[in-house]
Amino acid sequence: MSREKQQEHLKRHIDETEDRQSDVGQSDVGNGEMDEAFVEDLDSLLDEIDEILEEDSQEFVENYIQRGGQ
Amino acid sequence: MGTETEYGISVKNAREQDPVAASTLVVNAYKSCRDDIPSTATAVTWDYDQESPLMDARGFLAEAETPISETDTSSAVNDILINGGRYYVDHAHPEYCTPECANARDLLLYEKAGELILEVSRLAAERLLLDNQEIIIYKNNTDYKGHSYGSHENFLMSRKVPFDAIVDGLTPFLVTRIIIAGSGKVGTENGSEEADYQISQRADFFEKEVGLSTMVNRPLINTRDEPHADEKLYRRLHVIVGDSNMSELSIYLKVGITSIALQLIEKGVVGKQFNLKDPVAAIKSISRDLSCKEPIELADGQQWSPIEVQRAYFKLAQQHLTPEERTPIVEDVLKKWRYVLDNLEIDPRRLSRHLDWIIKKKLLDAYRQRHGYEWDDAHLRMMDLQYHDIRPDKGLYIRLLKNGHVQRLLNHEEIVHAMHYPPVDTRAYFRGTCLRRFRKHIYSASWNSMIFTNKSGGLEKIMMDRPHFGTQKIVGELLNNCTAEELVKKIRGDAS
């Protein structure tokens, strides 16, 4: 990709992100209150977690031991 | 700038855990699943001559840490990547270092490319194990039992800035930065004050303000002075206090705003004015204050919230960055920095699609409510770990991303591209492109050197002491139109 194209691509990307971000900023407002659609969404997500969470959490977490790194 | 990430690793159903062997298996497996390395190729080794990890930024050599002989086990597993990065086994962890990047967006991109590299090699390595065994890799920083592994950031700075000025200017910034860049953690460890949930994974592990060590008695500001570049001109500031992030916005802002804070220090506009009374205690208390509003005490007795400290840096950036310094990306970083500070001020829960510690907290809260779990329930700790799982079918963060629940800054195609191509505007371009074009002529490489073998079997070393050189603009045409031999000759000729 040429330098100009890259800059253009980048600018477009940043603009898009900006649009999305202001969307999120508005729809995601909540003083702890969540709209119904969002709660439904979260419900299916929690179902998914029920499914994919490692079995035997207790044992797994206890056995997860790392050597210290940096 | 660049980041280094040590990943946690575990083999499910293994008779015993051998993290060094598992890490070695994973890193080596990556070589077998790439088309840029022919199976007959000899290994390109790492040039350790260029490293002195015990040199101290304050001007003296090694204080506490025992020198580690990196040449024993780890040199066998050391991969220099065609994207200009490095992939190796550090202690008992697979570690990925991004190539040198010139801006925060590239750095985010190359860090994310690293996650894919780990996942590709994890899959390849798993094929070599028994059917019931799984390799699990977490991009996190703790096992919850007092063992931490790091996520380090490196920033190139002018040698002219006195190190004390960096310590003064950067400490309050890094201590309060966790409200943006924390990854979140269930519980506490390492003998620190108890809490159900905290903002930072790493805060429990910092015990002093300044020092050289990275593994014990960790300091908020690390003094390692190993520039991997012309030491008369440059310093490489090694930041070890950060968490490993999954959220793209957390990574982007973490490196973006830190780079801006360092510019302010270089300009001399941040001095001692934000010095904290007790920074080590402050990072721990901020990590436990999920409102981000409880004041911490400055050295002069003033009481500021972490949001106020961050806002003070933000305001200085707005006042003092020149139009040339405000590139489109810097401008974007400033905008997003302000956005998160404004929203943290109103209610951190507004950022539950944006920042790791808040995304994770929301997920944990909802799951806790559904099942009535207490905070010390193993399921919640499991969720905390699994948030950082790099497998697309198991990782909770990745599931959120795929389902559109968290904010995206990158698209998948560009991340895949970044696995295979270096950034174009740093010396990583030279390193990555040479490896792609001339692999069989390269004997070894490091951050600032490449050694070629010549026709008669001798070695020719090319130093790359200027990180801003070796870019596509400067060497692109040359690299694409010559043989390895011509390249060495040309560079040697130009240098003499």
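If I ask for residues that are assigned to a helix (DSSP H, G or I) and over 20 Å from B:G256 (Cβ atoms), which ones from the range B:91-119 would you list?
B:L116, B:I117, B:L118, B:E119
Restricting attention to the range B:468-481, and to residues there that are in contact with a helix residue (DSSP H, G or I) (Cβ under 7 Å, 6 or more places away or on another chain) and outside any helix (DSSP H, G or I), which single residue is farthest from B:S444 (Cα to Cα)?
Only one residue fits best here, namely B:T471.
Starting from the range A:42-70, take each residue that is of a type in the set (S, T, N, Q) and list its partners that are part of a helix (DSSP H, G or I) and open to solvent by less than 20 Å² (accessible area, probe 1.4 Å), counting only C-beta distances under 6 angstrom and pairs at least six apart or across chains.
A:S57/B:A378; A:S57/B:M382; A:Q58/B:A378
In the range B:185-220, which residues are more than 15 Å from B:K284 (Cβ to Cβ), of a type outside the set (S, T, Y) and under 17 Å from the mean Cα position of the chain (by Cα)?
Scanning the range B:185-220 gives a single hit, B:M215.
Quick check on my filter: what residues within the range B:147-171 are touching a Phe, Trp or Tyr at 6+ places or on another chain (Cβ under 9 Å) and in a strand (DSSP E or B)?
Matches in the range B:147-171: B:S148, B:L156, B:M157, B:S158.
Among the candidates B:H371, B:H379, single out the residue that is facing chain A (nearest Cβ under 7 Å), modelled with pLDDT of 95 or more and over 29 Å from B:H412 (Cα atoms).
Answer to the check: B:H379.
Could you list, in sequence order, all residues of the range B:145-161 that are facing chain A (nearest Cβ under 8 Å) and among the polar types (S, T, N, Q)?
B:S148
Out of B:L435, B:L410, B:L401, which single residue is in the same structural domain as B:N103 (by TED's automatic domain parsing) and open to solvent by less than 20 Å² (accessible area, probe 1.4 Å)?
From the options B:L435, B:L410, B:L401, the qualifying one is B:L410.
Identify, by number, the condition in (1) within 30 Å of B:E51 (Cα to Cα); (2) in a loop (DSSP other than H, G, I, E, B) that B:E460 doesn't meet.
(2)
Looking at this structure, is B:L385 in contact (Cβ under 8 Å) with a residue 12 or more places away in the chain, within 10 Å of chain A (Cβ to nearest Cβ) and assigned to a loop (DSSP other than H, G, I, E, B)?
no
Only one of (1) assigned to a loop (DSSP other than H, G, I, E, B); (2) at pLDDT 95 or above fails for B:D465. Which number is that?
In the conditions (1) assigned to a loop (DSSP other than H, G, I, E, B); (2) at pLDDT 95 or above, B:D465 misses (2) alone.
Let's see how each residue does on (1) free of Cβ contacts under 8 Å to residues at least 12 places away in the same chain; (2) open to solvent by 30 Å² or more (accessible area, probe 1.4 Å); (3) in contact with a strand residue (DSSP E or B) (Cβ under 8 Å, 6 or more places away or on another chain):
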residue	(1), (2), (3)
B:E100	no, no, yes
B:K112	no, no, no
B:I117	no, no, yes
B:V120	no, yes, no
B:A125	no, no, yes
B:D131	yes, yes, no
B:E134	no, yes, yes
B:K145	no, yes, no
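Residues checked against (1) out of contact with any Pro (no Cβ under 9 Å at 6 or more places or on another chain); (2) crowded, with 23+ Cβ neighbours inside 10 Å:
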{"site": "B:D196", "(1), (2)": "yes, no"}
{"site": "B:R202", "(1), (2)": "yes, yes"}
{"site": "B:V210", "(1), (2)": "no, no"}
{"site": "B:G242", "(1), (2)": "yes, yes"}
{"site": "B:L249", "(1), (2)": "yes, yes"}
{"site": "B:L253", "(1), (2)": "yes, yes"}
{"site": "B:L264", "(1), (2)": "yes, no"}
{"site": "B:K277", "(1), (2)": "yes, no"}
{"site": "B:I283", "(1), (2)": "yes, yes"}
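Regarding B:D204, is this residue modelled with pLDDT of 95 or more and more than 21 Å from B:P19 (Cα to Cα)?
Taking the combined requirement at face value, the residue does not satisfy it.
Suppose we keep only residues that are of a type in the set (K, R) and open to solvent by 10 Å² or more (accessible area, probe 1.4 Å) within the range B:317-336. Which one would you say is nearest to the other protein chains (Cβ to nearest Cβ)?
B:K335
Can you tell which of B:L410, B:L401, B:L435 is hydrophobic (A, V, I, L, M, F, W, C) and within 9 Å of chain A (Cβ to nearest Cβ)?
B:L410
Which of the residues that make up the range B:279-326 are of a type in the set (S, T, N, Q) and in a loop (DSSP other than H, G, I, E, B)?
B:S291, B:Q302, B:S305, B:T322
Here is a yes/no grid of residues against (1) under 30 Å from B:S259 (Cα atoms); (2) open to solvent by 60 Å² or more (accessible area, probe 1.4 Å):
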{"site": "B:K315", "(1), (2)": "yes, yes"}
{"site": "B:R338", "(1), (2)": "yes, yes"}
{"site": "B:A366", "(1), (2)": "no, no"}
{"site": "B:E374", "(1), (2)": "no, yes"}
{"site": "B:P392", "(1), (2)": "no, no"}
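Of the numbered conditions (1) part of a helix (DSSP H, G or I); (2) in contact with a Leu (Cβ under 6 Å, 6 or more places away or on another chain), B:I451 fails exactly one; give the number of that condition.
(1)
The values are calculated or read from the model by the stated rules, or taken from the named source; none is laboratory data. The structure presented is a predicted model; accordingly, all values stated were derived computationally and were not measured. Using ideal geometry, Cβ is built from the backbone for each residue, glycine included, and neighbour counts are taken over all protein chains shown. Side chains included, ligands, DNA and RNA excluded: accessible areas come from the protein's heavy atoms. Shrake-Rupley method; radii C 1.70, N 1.55, O 1.52, S 1.80 Å.
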